[in-house]
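Accompanying notes for the structure given below.
The values are calculated or read from the model by the stated rules, or taken from the named source; none is laboratory data. None of these values were measured; they are calculated from a predicted model. We place every Cβ from the backbone using ideal geometry, glycine too, and count neighbours over all the protein chains shown. Accessible surface is based on the protein model in full, side chains and every heavy atom, while ligands, DNA and RNA are left aside. Shrake-Rupley method; radii C 1.70, N 1.55, O 1.52, S 1.80 Å.
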Amino acid sequence: QVQLVESGGGLVQPGGSLRLSCVADRSIFSISRMNWYRQAPGKQRELVAAITVTAGTNYGDFVKGRFTISRDNAKNTIYLQMNSLKPEDTAAYYCNARVPNGTQYWGKGTPVTVSS
């Protein structure tokens, strides 16, 4: 069992930045892959960024170099640094952990609103 708690969302103007955090209630050292997903109203949930246990990363095509995912195993935390935010980035952002047996765990999400 892994409990995940996201934070860092909020209201930001277009072109601004936010850093999201996701804290796990146990060591993430052995978690195969940790991910950020997002879901906008009326749309399907989509992968934003992923990071493996060896710190390999993968991003959704729409990120285009604007976001950076990172992990701090000592703090049981992953981060999503989001720069050059656009109104279309408005969504609820969810943290996801995939453990070696394939089980997935989700946080409750943190809202991001990009608006002037």
Once the piece of chain linking ASN101 and THR57 is laid out straight, how much longer is it, given 0.36 nm per residue of separation minus the C-alpha distance between them? 13.8 nm
For the chain: accessible area per residue (Å², 1.4 Å): 52
Within the chain, count lysine pairs with alpha carbon atoms under 22 angstrom apart where the residues are 8 or more positions apart or belong to different chains. 5
In nm², the average projected area of the convex hull spanned by the Cα atoms of segment 10-71 is 5.3
Can you list which of the chymotrypsin sites (Phe, Trp or Tyr not before Pro) found in segment 25-64 are DSSP loop residues with at most 13 other C-beta atoms within 10 Å? PHE29
Work out, in µm²/s and without decimals, the Stokes-Einstein translational diffusion coefficient of segment 74-113 at 10 °C, 1.306 mPa s, Rh from Kirkwood over C-alpha pairs. 130
Diffusion constant of segment 34-116 at 20 °C, which comes from Stokes-Einstein with the Kirkwood Cα-pair radius and 1.002 mPa s, µm²/s: 160
